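Encoded as C-alpha cells, the structure appears first; notes follow it.
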C-alpha cells in the first residue's frame, strides 16, 4: 500500500538523521538539501540509496539532481510508488 | 653531527585508545598495574572461519561510546580510534590557539582500512555496486585517519601518513619532529592507529606462524623474553601526541611532558618479514638516534623495546641493543609493554612513545608481564612484575619499533 506524504517525510527524515546526525524535525518539505541542510553530493547518494531500499522505489542518478528540496524528494518517492 | 642551534621539540599532549583503556590515564594506570588487554574474541567469525587463533587485544572502550554516530558511520575503525585519541591529545595540550598554516598532522597506519575494504567487497558481491557506500574509498585509504584529524583541527601545514608496517607509528613521530625542525610547522599532531582485528589479518599472521596460539590463556600469551613465548598477540587502538617547538610551547605556557630529541631510521635489506638476527639495522637506528641527538649511550636509562614475543625477534633486538649501547646497555631498564597491550602494529610505536614520555615524566618504567621463566639468552635488565623507579636528573629513554619490510625506527626522548 502506498505511503502518505507524511509517512514518507518521516521515513526520509529518519534516513537523513542516520546519515548526517541532523535532528529529524529539521527535515521539512521546504528545506533545500544543499543550502539548508548542508548535505553534500556523497551524503545525498547515500540518502538516495537508503530511500530506494526503505520505500521500494528506484531513483535513477539523472533524477537525483532534480531533487533540490525535501519536498521534491517526498513527491518523487510518492509518485514512484505508483 | 651538528646538534647546536637545532629547534628543540617537546611533547605537550597525549591521547590514546588501547586494549588497556579508552584514554591515556586509564591505559597508563593499567600498565603500571601489569594488566593484560588480551581476551577471547566473542565474534561469530572466529568459529565461522575456524581461525587458529581465537583471542586478541581489542580496544577497551568501543568507539561508539566515544564518538558521534555520524562520525562512526563515516570513518573506518582505524579512523575512529585515531580521532578519539587525537581529541584527547589536543585537549590534553590545552586546545592550543594555533595558526592553521603552522599546524601539521602525521598519522600512520600499518594496514589501513581493512574492515571497510573487506566489508565493502561483501556489499559489492551481495548487493551490487550501487549499494557500495560512497565514502568507501576515503574510509579505506591508509591516510584517512590523518585526513580526519587534519579536518577536525584545521591542520594546513601538511598531512602525512608514513606506512612502514609495525614501525609506522614511530616513523610518524620522527616525521612530525622533522616538520618542526625544517620550519614547516610549529605544532604537529602525530602518532599511529590500527584496527586490524579482522579474520583476514588474523589468518594471514597465523599462516606466517607469527601469532601466539595460547588460546586457552589469552592474558598469558604475550610474554616477551620468556622461554615459553610463541608469537605476538594482535592488538588495536591508537596513540597520538602533540609536539611543538619549545619556543611555541613556552610562549603559550604549555605543560611540557618531555623532549622529543631525535630519531634514527634505517632498513635491513635482509628479508621481507624476518629480522636480521644480528640486529645490525636496528643497532644503526639506535646509534643514529643517539648521535643525531648529541646523546651518549650512558645517558639512556630506559628503553621501551619492540619485543613482540616472537622467538627470533625478541633476541635479535637484544643483540641490537647490546650492539648499539655496548656495556652501557647493562644499566638500561627495558620494558616490553606489548606483554600487556598486545601488538598494535602501526599504532605500536606511537603508544610506546607515549609510554616512554610518561616513564620520563613520572620517573617510572612500566613492567613486563608474563616473564616467568626468562629465556637463558636474555642478558639485559628487563623490568619484571612491578614498575621500576627511574633516576632523578637529566635522563633519556629510547623507543624501538621495527616493521615487516626491514624498517627500523628508534626515537629518543629526554626528561625536562
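The values are calculated or read from the model by the stated rules, or taken from the named source; none is laboratory data. As the structure is a computational prediction, the values presented were derived from the model and not from experiment. Neighbour counts run over all protein chains shown; Cβ positions are idealised from the backbone, glycine included.
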Exercise for the section: Return the only residue of B:359, B:397 being part of a strand (DSSP E or B), modelled with pLDDT of 95 or more and surrounded by 24 or more Cβ atoms within 10 Å (Cβ to Cβ). Expected result: B:397
Problem - Selection count where residues are within 14 Å of another protein chain (Cβ to nearest Cβ), part of a helix (DSSP H, G or I) and modelled with pLDDT of 95 or more, scope the stretch B:52-70 - result: 1
Handout entry: Residue ID - nearest to the other protein chains (Cβ to nearest Cβ), chosen from residues in the stretch A:1-16 that are part of a loop (DSSP other than H, G, I, E, B) and loosely packed, with under 13 Cβ neighbours inside 10 Å
Key = A:2
Fill in the blank from the handout: The number of residues in the stretch A:37-51 that are in a helix (DSSP H, G or I) and either surrounded by 15 or more Cβ atoms within 10 Å (Cβ to Cβ) or facing chain B (nearest Cβ under 8 Å) (or both) is 10
Fill in the blank from the handout: Note on the stretch A:17-36: residues away from chain B (no Cβ under 13 Å) and in a loop (DSSP other than H, G, I, E, B) are A:27, A:28, A:29, A:30, A:31, A:33, A:34, A:35, A:36
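Can you tell me which of B:223, B:214 is in a loop (DSSP other than H, G, I, E, B) and within 20 Å of the chain's Cα centre (by Cα)?
B:223
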Fill in the blank from the handout: Only one of B:140, B:124, B:118 is within 14 Å of chain A (Cβ to nearest Cβ) and within 23 Å of residue B:45 (Cβ to Cβ), namely B:124
Exercise for the section: Identify, by number, the condition in (1) part of a loop (DSSP other than H, G, I, E, B); (2) within 30 Å of residue B:40 (Cα to Cα) that residue B:314 doesn't meet. Expected result: (1)
Practice task
Within the stretch B:89-128, work out how many residues are modelled with pLDDT of 95 or more and part of a helix (DSSP H, G or I).
Solution key: 20
Fill in the blank from the handout: Only one of (1) under 20 Å from residue B:345 (Cα atoms); (2) within 14 Å of chain A (Cβ to nearest Cβ) does not apply to residue B:113, and that is (2)
Exercise for the section: Would you mind finding the one in B:108, B:38, B:147, B:89 that is surrounded by fewer than 21 Cβ atoms within 10 Å (Cβ to Cβ), in contact with a helix residue (DSSP H, G or I) (Cβ under 9 Å, 6 or more places away or on another chain) and away from chain A (no Cβ under 14 Å)? Expected result: B:147
Problem - Per-region count, the stretch B:269-289, residues touching a helix residue (DSSP H, G or I) at 6+ places or on another chain (Cβ under 9 Å), surrounded by fewer than 24 Cβ atoms within 10 Å (Cβ to Cβ) and closer than 16 Å to residue B:413 by Cβ - result: 0
Practice task
State whether one or more residues within the stretch B:26-37 are within 18 Å of the chain's Cα centre (by Cα), touching a residue at least 24 places away in the same chain (Cβ under 8 Å) and more than 20 Å from residue B:308 (Cα to Cα).
Solution key: yes
Fill in the blank from the handout: Counting only residues that are touching a helix residue (DSSP H, G or I) at 6+ places or on another chain (Cβ under 8 Å), part of a loop (DSSP other than H, G, I, E, B) and within 14 Å of another protein chain (Cβ to nearest Cβ), the stretch A:52-82 contains a total of 3
Exercise for the section: Look at residue B:83 and say whether it is assigned by TED's automatic domain parsing to the domain that holds residue B:182 and assigned to a loop (DSSP other than H, G, I, E, B). Expected result: no
